[in-house]
Structure formats: C-alpha cells, structure tokens
Protein chains: 2
Amino acid sequence: MRVSDRIEGALGSALGVAQSAQAPAKLSEALRYAIVPGGARIRPTILLSVAGACGDDCPGLSDAAAAALELIHCASLVHDDLPCFDDAETRRGKPSVHRAYSEPLAVLTGDSLIMLAFDTLARTGRSENADARAAQLVLSLSRRSGMPGGICAGQGWESEPEIDLHAYHMSKTAALFIAATEMGAISAGHEPEPWRDLGALIGEAFQVADDLRDALLDEETLGKPAGQDDLHGRPNAVSELGVRGAKARLSDILAGAIASIPSCPGEAALAKMVRYQAEAIMPKLPEGYRA
Amino acid sequence: MRVSDRIEGALGSALGVAQSAQAPAKLSEALRYAIVPGGARIRPTILLSVAGACGDDCPGLSDAAAAALELIHCASLVHDDLPCFDDAETRRGKPSVHRAYSEPLAVLTGDSLIMLAFDTLARTGRSENADARAAQLVLSLSRRSGMPGGICAGQGWESEPEIDLHAYHMSKTAALFIAATEMGAISAGHEPEPWRDLGALIGEAFQVADDLRDALLDEETLGKPAGQDDLHGRPNAVSELGVRGAKARLSDILAGAIASIPSCPGEAALAKMVRYQAEAIMPKLPEGYRA
C-alpha cells in the first residue's frame, strides 16, 4: 500500500473511534474538518519511512503512530490559529476551524484531537499485542508535544520577554519531526535515540523553508495569511541571514540530515525520501530572488 | 501514607517532569498555578480508594494514574474558564489562569497538562514494568476525556441547538468519575468494567450537588462565579426538580452508588469513603432551604 493511503486510512480509523451518533454533531464535524483534506502529511510520511527503514515488523502500530502524530500536528494548527494566537482566517485554503465552527468548538477540537492521538496509540498497542512499544510511543509523543521541550513549549516562548532562540526552534518546529523519527523507530521495535538527529535536522530545514515561504510568497499560494512572523515580530531565518543565506543554510542542513541516517537495511531508500521531501519543501522563489 | 499526600506527591513529580531551566518560564509557572493549591482532589481520591479496594499491588502506578486524572481535570478547568466559554474571573479563590497569565498561556497550559497526563502514565508504566496496565490506563483516560463520550464531548454539547441531556451529563461530569473508578481498578490489575456504575453514579451525584451549589451559594463561598448555569441557560437539576427534589435525588443516587460497589476485599472501606465524599459534596444550604 502507498504511504499516503496508509496515512489517510489510519486517520480515518482514528476519526471513526471519536465519532458516534450519541456525540455532539458540530464537534464531530469539526474534528473531521480539522484533519481532512490534509496538508502534505510530511510528519507521518517521515515516520512511516523510518519505520520502513527499521523493518516495519508491526505495520498496524506504525500506521497508528503516524495517525497519532498527524492528529497532534492538526490539533496544534487549530489552537495556533485561534484569535489569541495568530487569529488566522484561513488554513489549508479554507476557513480556519474557529472561523468555520466558533472559538469554543476550535478549543474543543484541539483538545479532542490530542486525546484521540493517545487513544489511538493505546488502542492499537492493545490490539497488536504491543503494549510496551505503545507506552514508548505515548512517551515520545507527549514529550515532543508538551512541556518542557515540545510544541507547547515552543508556542509558550512567544509569551516570554526574551526568547531562547535555540530552545524556541527546537520545540516550536523540530519537536514533532523528532517525534516522527523516534516514533518510526519505536513502532518497528528499534531504539529511538539514534534517530533523534535526523528528526532535529529535518525540523530545522523545515523551519528555514517555512521562513522563506512566509517571507516571500503571497497568501493565495500559501493557503494561510502571509508575513505572520514579521507581523508578530517572531525571529526568523530570512531576517537573520537574508534570502540567499537562508537558502544556502537549508541545503547544508538537508545534507547533514542525510548524513545522520543510522546504518540500517533501508538507509538508501530513506535518504531518497529525505531528498524528495527537501525538493518538496524548497520554496519556488519569485524570479527576482533566483539571481 | 495518607491519600492526600500520595496525590500531592504524585502531582509534584509529574510537574517536575514538565519543568526545566530551558523551558519558557511563564508557561512553567502557569502549569503549577493551575494545579496547586488544588480543590478537593475528589477524583484522584476515588481512584486511589478503588485501587485500595482492589489490593493496590502497584502503588507507584496508581499514584501516577491519580496524578494523570487530576491533571486532565485541571486542564479542563483552565480551558472551561476561557473567555470563549465561561469567561471566569476566578477559580479556587484566585484569578483564573487566563486572567493571571493571559489567554494564550491559558490555552497552552491546558494543552500541556493534557500531554503531561499521558506522559505520566507511560513513564510510570515503563519504570514500574507495567506497560500493559499503562496502555489500559491511557485508553480509559483518553476515552473519558475526549470524543465521543468524554468531557470534551460534554462541553461540545453546549454548542448544539438541542442537547441530549443524558449524553450531556454522562460526558460533562460523570466521565471523569468513571475514569476514576476504572483507572483505580486497572492500576491494581483488575478489570475496569465492574467499576463503571460506581463512577457513573458518583458523577451523577456530583453533578446534582454542583447544581445545588451553583444555584444557592454565593461567589465567595464557591470560589468561582455563581449562577453560571442559569446565566448560560444550561440544563440543571435544580431548575428541573427544585431544591428539595434535587436534594432527595442526590441521596438516592449515593445510596445506589454504595450498593453498586463490586464485591472485593476493601468493599467496606470504599463504602465508607463514598459516604464521606457524599457528606463533603452535600451543600450546606442557607437556613431558608432547610425547612
């Protein structure tokens, strides 16, 4: 089965568990709205690629891990879009959840998706007779999502008078990419530690690419309001290094990511996937910036 | 060790994991502010009482379960107090988290506490060599917290044009009491199913008691804004049955709760605890209502 089909299938199964004729209908709808149609699904794709490189001996569990990770990512987008944060009108080319459903339902959608992520891991751990791996997956996902070093911490830095830039980037963006590589390894019964650098480097590359896109592209292409970082005075690679500098930095980081891949049977295929993702995230810059 | 010391100790350990010198300081502070000093800690007390009745053969795990449950409860209070829900100025006699720290930090505090709850279960499952029980605990807690039947669903009903009253009460209030009895049993290696009714009945009693308090007591005694249900037009036992009717209903439910306790070595002690909790939740009504 194609990786994208595995991801959508696993997300569909997870969503099915959260829905029932006895549940409040609007919140049910909002959960699906926040998940489907998705973005690039880059985090679960990396997770399944790492699981594959490690042998993927329990594909039901790696599918669940991929879904859980994407659920947390989607939850973070819904909450980040709230009026008290980015107040985003649109997301993935359609109205943000709080615009489409209301602010209370957006808060609850995020909360419910977080719960559903952990439900998905524990439920599949039990059905696949893989409780120990499931507990390790819960631990990796919660650490990379919460405090002191997960995406909540990253967002929390934006309320500080002085930002620790390294901690900010590591938690705000890299954390869920580290979760992707860690959880891919854990799903296949491997230790997560050797896979952390790969996740951190992909995350760093993604942050720089996002900064480039945010600085250069228009709202229509982006599917969300452009220039948000500048608007909110958040630190970013383009204001620090310029466009050319940021592009050079992105290439360096990706080379480092490929070099960091631990020796394993699927090493070559995984390097190919990272190169492919690199192509996908490298923004197509306007003519003026190519010179 | 006293139950209350076990709960505070376990919450302190959990909070310690979420804090670090490298974390954003305000969010760190807000996490502690949302947890300590606590309310009655009634849910974790019930959890530990059920674990005790079931033999409590892995007290480290039941302590972690108690902490995780209370973390979810505190997270739900922080989010329910947000301006888009109750817009509560105070909670437990001090400013609500969003008033004390800001709305973004209140959203992130709730999210971080949810993550921390699952982290606590998985971490302790690994250290106590009890992964299977930990996975079952994650599953119980996520189901009773999220959609379609947990506290998120309960809050979600308030955005519906028509409310399914049974589903509303079961999810809004009873769900975390069901989690308390289920998780107490699971922590001690027992099946959760026989313990569900006890949790549901305690939850129902608590809802009626809360309705009585909310309808009758003033803001100072309550430590939060009074009359919120009336204000928001939410269904409640007092408007349905009157004060006397609601008090009679409360006594009936508690008798049913005690009768529902499964046969177990600690049955008598548990019945005593339920009676004690019943005393504690029964509101001391103003003179005019006693006749």
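The values are calculated or read from the model by the stated rules, or taken from the named source; none is laboratory data. Not measured: the values here are computed from a predicted model. Positions of Cβ are backbone-derived with ideal geometry, glycine not excepted, and every protein chain shown enters the neighbour counts. The protein model used for the area step is the full one, side chains on, heavy atoms only, and it has no ligands, DNA or RNA in it. Shrake-Rupley method; radii C 1.70, N 1.55, O 1.52, S 1.80 Å.
When you go through A:Ser13, A:Ser4, A:Ser28 one by one, which is the residue that is surrounded by 20 or more Cβ atoms within 10 Å (Cβ to Cβ) and either over 20 Å from A:Phe177 (Cβ atoms) or among the polar types (S, T, N, Q) (or both)?
Numbers: A:Ser13 fails: surrounded by 20 or more Cβ atoms within 10 Å (Cβ to Cβ); A:Ser4 fails: surrounded by 20 or more Cβ atoms within 10 Å (Cβ to Cβ).
Answer to the selection: A:Ser28.
Can you tell me which residue in segment B:139-151 is farthest from the other protein chains (Cβ to nearest Cβ), limited to those that are among the aliphatic types (A, V, I, L, M) and more than 11 Å from A:Leu108 (Cα to Cα)?
The initial filter retains those residues of segment B:139-151 that are among the aliphatic types (A, V, I, L, M), namely B:139, B:141, B:147, B:151.
Among the residues that remain, those that are also more than 11 Å from A:Leu108 (Cα to Cα) are: B:139, B:141.
Numbers: B:Leu139: 4, B:Leu141: 8 Å.
Per the stated criteria, the residue is B:Leu141.
Conditions tested, residue by residue: (1) modelled with pLDDT of 95 or more; (2) in a helix (DSSP H, G or I); (3) surrounded by fewer than 23 Cβ atoms within 10 Å (Cβ to Cβ); (4) within 8 Å of chain B (Cβ to nearest Cβ).
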| position | (1), (2), (3), (4) |
| --- | --- |
| A:Leu82 | yes, no, yes, yes |
| A:Thr124 | yes, yes, no, no |
| A:Glu191 | yes, no, yes, no |
| A:Arg196 | yes, yes, yes, no |
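Which condition number does B:Arg32 fail, the rest of (1) more than 23 Å from B:Ala175 (Cα to Cα); (2) assigned to a loop (DSSP other than H, G, I, E, B) being met?
It fails just one condition, (2).
Being open to solvent by less than 20 Å² (accessible area, probe 1.4 Å) and among the small types (Gly, Ala, Ser) is the filter here; which residues of segment A:31-53 pass it?
A:Ala34, A:Ala51, A:Ala53
Among the numbered criteria (1) over 30 Å from B:Gln155 (Cβ atoms); (2) of a type in the set (A, V, I, L, M, F, W, C); (3) at pLDDT 95 or above; (4) buried (at least 24 other Cβ atoms within 10 Å of the Cβ), which one does A:Ile202 miss?
(3)
How about segment A:140-180: which of its residues are surrounded by fewer than 22 Cβ atoms within 10 Å (Cβ to Cβ) and either farther than 21 Å from B:Ala25 by Cβ or among the acidic types (Asp, Glu) (or both)?
The answer is A:Glu158, A:Glu160, A:Glu162, A:Asp164.
So which residues in segment B:126-138 are facing chain A (nearest Cβ under 7 Å) and surrounded by fewer than 24 Cβ atoms within 10 Å (Cβ to Cβ)?
Listed by number, the residues that qualify are B:Arg126, B:Asp131, B:Ala132.
Cβ-Cβ below 6 Å, separation at least six or inter-chain, first residue in segment B:250-273 and over 17 Å from B:Glu182 (Cα atoms), second surrounded by fewer than 20 Cβ atoms within 10 Å (Cβ to Cβ): which pairs?
none
Consider A:Ser171 carefully, then state whether it is among the hydroxyl-bearing types (Ser, Thr, Tyr) and assigned to a helix (DSSP H, G or I).
Working: among the hydroxyl-bearing types (Ser, Thr, Tyr): yes; assigned to a helix (DSSP H, G or I): yes.
Considered against the rule, which asks whether it is among the hydroxyl-bearing types (Ser, Thr, Tyr) and assigned to a helix (DSSP H, G or I), A:Ser171 comes out as yes.
For B:Ile72, state whether it is under 23 Å from B:Glu191 (Cα atoms), more than 14 Å from chain A (Cβ to nearest Cβ), out of contact with any Asp or Glu (no Cβ under 6 Å at 6 or more places or on another chain) and not in a loop (DSSP other than H, G, I, E, B).
Values: under 23 Å from B:Glu191 (Cα atoms): yes; more than 14 Å from chain A (Cβ to nearest Cβ): no; out of contact with any Asp or Glu (no Cβ under 6 Å at 6 or more places or on another chain): yes; not in a loop (DSSP other than H, G, I, E, B): yes.
So B:Ile72 does not fit the description; no.
Among what's in segment B:166-175 and is small (Gly, Ala, Ser) and farther than 18 Å from A:Val107 by Cα, pick the residue that is nearest to the other protein chains (Cβ to nearest Cβ). Before the answer, list the steps.
Step one: filter segment B:166-175 for residues small (Gly, Ala, Ser), giving B:167, B:171, B:174-175.
Imposing the further condition that a residue be farther than 18 Å from A:Val107 by Cα reduces the set to B:167, B:174-175.
On the way: B:Ala167: 5, B:Ala174: 14, B:Ala175: 11 Å.
Taking the candidates together, the pick is B:Ala167.
Give the residue that is nearest to the other protein chains (Cβ to nearest Cβ), with candidates limited to residues of segment A:84-102 that are in a helix (DSSP H, G or I) and open to solvent by less than 30 Å² (accessible area, probe 1.4 Å). Working first, answer last.
Taking segment A:84-102 first, the residues in a helix (DSSP H, G or I) are A:97-101.
Keeping just the survivors that are open to solvent by less than 30 Å² (accessible area, probe 1.4 Å) gives A:97-98.
Details: A:Val97: 12, A:His98: 9 Å.
Applying the filter and picking the extreme gives A:His98.
When you scan segment B:152-165, how many residues do you find that are more than 9 Å from every other protein chain (Cβ to nearest Cβ) and either in contact (Cβ under 8 Å) with a residue 40 or more places away in the chain or assigned to a helix (DSSP H, G or I) (or both)?
Result for segment B:152-165: 1.
Of everything in segment B:21-39, what is touching a residue at least 40 places away in the same chain (Cβ under 8 Å), within 17 Å of A:Ile163 (Cβ to Cβ) and at the interface with chain A (Cβ under 7 Å from one of its Cβ atoms)? Give them in sequence order.
Listed by number, the residues that qualify are B:Lys26, B:Leu27.
Is at least one residue of segment B:103-115 within 13 Å of chain A (Cβ to nearest Cβ) and more than 17 Å from A:Gly146 (Cβ to Cβ)? Show your work before the answer.
Taking segment B:103-115 as the starting set, the residues that turn out to be within 13 Å of chain A (Cβ to nearest Cβ) are B:103-115.
Restricting the remaining residues to those that are more than 17 Å from A:Gly146 (Cβ to Cβ) gives B:103.
Yes, segment B:103-115 has at least one match.
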